[in-house]
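> Submitted below is the structure of interest, expressed as structure tokens.
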Amino acid sequence: MSIIAKEAGMMVTGCDIAEDFITTDPLARAGIVPLVGFSPSHVANVDLVITTGAHGGFNNPEVIAAKQKEIPVLTQGEAVGEFMKGTLFGRKLTGVSVTGCHGKTTTTAMVATVFASAGKDPSFIIGTGNIPSLGGSGHFGKGDYFIAEADEYATEPTFDKTPKFMWQFPTYLVLTNIEFDHPDVYESLDATRNAFALFTNNIQPGGALIINGDDPQAKLLLQSFTGKAITFGFEKENTYVLSDVVSTKHGTSFRAAKDGKALGVFHVGVPGEHNALNALAAIIVGLEAGLQIKSVKKGIESFSGTKRRLEYKGELSSGALLYDDYAHHPTEIKKTLEALKQLYPEKKLVCLFQPHTYSRTKSLFDQFIYSFEAADTVLLADIYASLREAQDQSVSSALLAKGIQQTGKEVKLLPRLSDMVQYVQEKKLDESIVLVTMGAGDIYKVGESLIGL
């Protein structure tokens with residue numbers, strides 16, 4: 001969002017904690033270097049403050065100071081909605097929102113790549129770091145489309161439980177899947193599905209819901225949806241049907257058909273059956289928006305992945321291959337590990353996993369236990385706790401390790417990231433091994449240490 005605002009001609013400043021994140025480098029390249037720490041003095045001469053739910057949210061000292069000075073304050077979710085409307089930029093934009101519990105970052109990046117490749121110069125905001133096919137995770141374009149990732153998390157966890165995506169009013173809404181992923185916000189899977197159903201009411205006249213028709217919860221949502229729905233997936237009942245998926249180290253090829261009519265073979269430069277589904281969703285958006293199929297094929301083929309999504313990091317000096325992935329939900333873990341096992345059936349797969357938040361680990365504990373089936377060895381770090389929650393002594397990585405061991409899997413508890421680095425270095429894992437660091441915390445730093453980034 002900061003990058004979009006700066007490209008649009010606004011003066012952008014910001015504040016954060018001292019720790020580096022995957023967004024640090026993109027911001028630096030855009031000439032945006034956040035101040036360290038939070039102080040009321042930082043909002044002395046600003047016209048608008050945008051806050052997230054982190055670092056106190058509305059209780060952040062800078063937000064409090066801004067409100068006292070009667071400076072407008074928007075949450076990140078509200079700001080994305082305002083940007084999508086285009087009113088801040090003096091022109092009306094066509095919104096494309098991509099939501100779902102898994103795959104939304106990759107799918108949003110794919111959609112933006114398709115439109116950029118077609119010369120549409122879209123604006124976009126995507127929740128990751130580097131995206132090679134786009135040159136960044138945010139852009140203020142001259143075109144008529146605004147493409148945004150749409151998150152179901154709360155606008156402000158303490159004071160405003162409104163799902164962040166409710167501030168977006170898209171013409172095209174992509175819904176990849178629905179699962180129970182935020183137990184600190186939603187009390188049940190039904191409550192989660194109801195939030196997504198509410199979001200579909202924001203689709204603008206003449207727009208469409210592009211939805212994974214294979215997903216069980218999506219099917220339930222569709223029972224009460226009255227607008228234009230375009231389904232996609234492997235099942236023959238879908239509007240767009242995926243088939244003949246072949247995944248290699250260089251990407252994934254697949255066939256697609258609409259209403260029984262073949263559209264041809266497509267190729268996307270990332271591995272995994274789940275990425276074929278993501279790509280099909282992006283293809284549908286392009287076709288529904290009137291892009292030529294030849295242009296859409298070219299665009300999807302140019303997509304080569306995003307930061308922290310099945311990202312190949314390199315080869316260790318000992319010979320092992322290293323990947324990194326943001327997966328932090330049991331379904332994501334399972335699909336990512338299966339994709340790697342398909343790519344390297346002859347190698348042993350070692351997963352270095354850092355559970356994310358006490359609430360998620362506790363609520364989905366039994367699912368986590370059985371999500372590592374494709375791995376040969378699991379190395380567990382301590383739970384990465386969110387600043388939004390208190391420590392919960394009733395759940396731990398030690399308990400999770402015992403549960404996974406009961407499935408017959410080799411598991412080792414390595415609480416600190418430095419313990420993981422030391423373990424891998426001492427083992428001198430050779431070319432018969434594929435390593436993957438996995439989680440939504442700072443587990444990626446293990447890989448950076450191992451290959452000297």
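> Roughly how many debye, to the nearest 20, is the charge dipole of region 1-132 about its Cα centre, given +1 on each Lys and Arg Cβ, -1 on each Asp and Glu Cβ, and no other charges?
Its charge dipole is roughly 440 debye.
> Okay, moving on. Let me check I've understood the local charge: for GLY290, count other residues with C-beta under 12 angstrom from its C-beta, Lys and Arg +1, Asp and Glu -1. What total comes out?
Within the 12 Å Cβ shell, the charges total -1.
> For the pair TYR153 and ARG91, what calculated FRET efficiency results from E = 1/(1 + (r/R0)^6), where r is the Cβ-Cβ distance and R0 = 30 Å, to the nearest 0.05?
0.55
> Okay, next question. Please work out the C-alpha center-to-center distance from region 77-133 to region 207-275 and express it in whole Å.
Distance between centres, Cα-based: 20 Å.
> Provide the packing ranking of 292-302, 31-41, i.e. peptides ordered by the mean count of other C-beta atoms within 10 Å per residue, highest first.
292-302, 31-41
> Across all directions of projection, what mean area in square nanometres is found for the Cα convex hull of region 311-451?
Computed as one quarter of the Cα hull surface, the answer is 7.6 nm².
> What is the distance in Å between the Cα centres of region 416-453 and region 299-329?
13
> Amide H of ILE211 versus every other amide H placed in the peptide plane: which residues, excluding those fewer than 5 positions away on the same chain, fall under 5 Å?
LEU175, ILE230, THR231, PHE232
> What is the magnitude of the charge dipole of the chain about its Cα centre, with +1 placed on the Cβ of each Lys and Arg, -1 on the Cβ of each Asp and Glu, and no other charges, expressed in debye to the nearest 20?
Computed charge dipole of the chain: roughly 980 debye.
> Among 111-123, 256-268, 153-165, how do they line up from the highest to the lowest mean number of other beta-carbon atoms within 10 Å?
Put in order of decreasing packing, that is 111-123, 153-165, 256-268.
> Which percentage, to the nearest 5, of the DSSP beta bridges contained in the chain is antiparallel?
Roughly 35 percent of the DSSP beta bridges within the chain come out antiparallel.
> Now, a different point. For region 222-310, just the Cα atoms, rotate onto the principal axes and tell me the three extents in Å, largest first.
If we take the Cα atoms of region 222-310, the spans are 40, 26, 25 Å.
> Return the lysines within reach of LYS445: Cα separation strictly under 16 angstrom, same-chain partners fewer than 8 residues apart disregarded; answer none if there are no such residues.
LYS307, LYS313
> In addition: Taking a cut-off of 30 Å between Cα atoms, list the lysines near LYS67, but don't count ones fewer than 8 places away on the same chain.
Within reach: LYS6, LYS85, LYS92, LYS161, LYS164.
> Then there is this: How would you rank 317-323, 357-363, highest first, on the average number of other Cβ atoms within 10 Å across their residues?
357-363, 317-323
> Taking Cα pairs under 8 Å and at least six residues apart, what relative contact order does the chain come out at, in percent?
Relative contact order here is 12 percent.
Bear in mind that the values in this text are calculations on the coordinates, not laboratory data. Everything numeric here is computed off the predicted structure, so don't read it as measured data. Methodologically, a virtual Cβ is constructed for each residue, glycine included, from the backbone with ideal geometry; neighbour enumeration extends over all protein chains shown.
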